[in-house]
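The structure appears right after this line, and notes come after that.
The values are calculated or read from the model by the stated rules, or taken from the named source; none is laboratory data. As the structure is a prediction and not an experimental result, all values here were calculated from the model. Positions of Cβ are backbone-derived with ideal geometry, glycine not excepted, and every protein chain shown enters the neighbour counts.
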Amino acid sequence: MSRGRGSSVIPVALVFALFIIALPVSGYNVAIYGANSGFDPALHTDSVNVVRSIPGGTGADLDSNIDLFTRPDVDVIILGGEATFSPATAAKIEAAVAGGKILLVTYPSNRMFSSSLPASNGGTTAGGQYLEVSDPDSVVTRAVFSQLPIRFDLMGTPPEKEQAIANAGTITVLNYDTGMPALLYGKYGKGYVIEWTTVPSPSYMTQAEADTINHRMIMGLLPEPAATKSTPTPKKTIVTPRITTPVATQPVITGTGTSTATGTTGEVMVYSSPTGASILIDGVYCGTTPGKVADIPAGNHILRLTMSGYHDYEGSIYVVAGQTTQGYGTLQPIGQITAAPTAVPTAIITILVPVTVTPAATPEKKEDILQNSSVIVALIGVVTALIAAGASIFTHVKPPKKE
């Protein structure tokens, strides 16, 4: 089991156990997209009120119903459909979870999220041969898997899975035979995210088994106020302790109003392009941009901006006590080339090739032809021959005189 931030796991596990022992409890409101998670509200008519349920075949349905999924009286958002909804919809869901809701997300819908997930996902591959509980002796395992198997063998062809690595501070509940997490959860803002990195049913377990696991985990993380909302009257109501994860005191989000900086703390006014990005200072969620975050201890801090569909931005800020520091970051869309390639000037290389030059021969001084006796003799011979030839031709051509 992943135990990042060490001490937080034990209190969560103990309260989880106390909660399971106290079942059943009051119900909760849920909005459902798709059925890959294995959650079946029909098995919990005494404790679950479905606000909205839509098929998971097309993300456009979720886009057009997102306001129903994020409205204040919804306690749990379940995403078990195709990952074809828009990044804007994913960002609204993340903001709702940061505000206190629970998100139960299953592959492939989890591919639309990043910083809010309890695991860092790095591409898909075929699933393993079985799933097994991460720590059979843990209090969480005994609570969630009471009267359930602790190992679930593959039934048929392995489904796709995310190659996930659990983040620090999260709790892994089920592992693959390879050791990768299959089911884990973690805190995001004021809410929680439960993530299945594969489709659990029917490849590894029955729908009833997947439903039981999901329902017990949701009830274990559900805040107490959910018991007072307009849900069906439960057959038996028992007040149960709330599962909490100890976290560091968060900075105060003050919007863009008057400065609240003090002598030992400052504040940061954070902007981003595009707007609406989640603000995390030293890993703590602090709202969305543009926003002012107060009560930040003076000194260096890590500013991170995240938004679904965009690469995260991360930089450092220095907070001065009693003053307001401005932070700004630009998030680049995933898959888009952020700048035109810089033209690299072609280097002109001069290659010196040694060439052996043979000095031209000095032209010899030509003698005057008429000064050469041999030439003169030859010319006289040629002229004499030509005269003789002409005479012979004339003698043969001219007819003889008649007497």
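Number of residues in segment 200-209 that are surrounded by fewer than 22 Cβ atoms within 10 Å (Cβ to Cβ) and either in contact (Cβ under 8 Å) with a residue 40 or more places away in the chain or of a type in the set (A, V, I, L, M) (or both): the value is 6.
Strands (runs of 3 or more DSSP E) wholly in segment 214-321 with at least 3 residues that are at pLDDT 55 or above - which ones? Let's see the steps before the verdict.
Working: elements: 252-255, 265-273, 278-281, 284-288, 291-297, 299-306, 313-319.
Filter on segment 214-321 gives 265-273, 278-281, 284-288, 291-297, 299-306, 313-319.
Going by the conditions given, is Arg111 in contact with a strand residue (DSSP E or B) (Cβ under 8 Å, 6 or more places away or on another chain) and over 25 Å from Pro333 (Cβ atoms)?
Working: in contact with a strand residue (DSSP E or B) (Cβ under 8 Å, 6 or more places away or on another chain): yes; over 25 Å from Pro333 (Cβ atoms): no.
Here the answer is no, as Arg111 does not meet what is asked.
Determine whether segment 169-184 contains at least one residue that is among the charged types (D, E, K, R) and within 21 Å of Ala83 (Cβ to Cβ). No, every residue in segment 169-184 fails to be among the charged types (D, E, K, R) and within 21 Å of Ala83 (Cβ to Cβ).
With the structure loaded, tell me whether Asp61 is over 18 Å from Ile171 (Cα atoms) and either aliphatic (A, V, I, L, M) or not in a loop (DSSP other than H, G, I, E, B) (or both) or whether it fails that test. I'd like the intermediate steps shown before the answer.
Numbers: over 18 Å from Ile171 (Cα atoms): yes; either aliphatic (A, V, I, L, M) or not in a loop (DSSP other than H, G, I, E, B) (or both): yes.
Spelling it out, Asp61 is indeed over 18 Å from Ile171 (Cα atoms) and either aliphatic (A, V, I, L, M) or not in a loop (DSSP other than H, G, I, E, B) (or both).
Scanning segment 35-77 for residues that are touching a residue at least 40 places away in the same chain (Cβ under 8 Å) and within 28 Å of the chain's Cα centre (by Cα) yields Ala35, Asn36, Ser37, Gly38, Phe39, Gly56, Val74, Asp75, Val76, Ile77. Lys92 satisfies every condition listed in (1) in contact with a strand residue (DSSP E or B) (Cβ under 8 Å, 6 or more places away or on another chain); (2) of a type in the set (D, E, K, R); (3) closer than 27 Å to Tyr313 by Cα except (1).
So Trp196 fits all but one of (1) buried (at least 21 other Cβ atoms within 10 Å of the Cβ); (2) under 18 Å from Gly38 (Cα atoms); (3) touching a Pro at 6+ places or on another chain (Cβ under 9 Å); what number is the exception? (3) is the only condition that Trp196 fails. Filtering Val74, Val51 for residues that are of a type in the set (Val, Ile, Thr), touching a helix residue (DSSP H, G or I) at 6+ places or on another chain (Cβ under 7 Å) and modelled with pLDDT of 90 or more leaves a single hit, Val51.
Look at segment 147-170: where a residue is assigned by TED's automatic domain parsing to the domain that holds Gln129 and a partner is assigned to a strand (DSSP E or B) and aromatic (Phe, Trp, Tyr), sitting 6+ places away or on another chain with Cβ atoms under 7 Å, you get Arg151/Tyr130; Phe152/Tyr130; Asp153/Tyr130; Leu154/Tyr130; Thr170/Tyr185.
Inside segment 271-328, residues that are within 22 Å of Gly99 (Cβ to Cβ) and of a type in the set (A, V, I, L, M) make up a count of 11.
Scanning segment 162-191 for residues that are among the hydroxyl-bearing types (Ser, Thr, Tyr), farther than 17 Å from Phe113 by Cβ and assigned to a loop (DSSP other than H, G, I, E, B) returns a single hit, Thr178.
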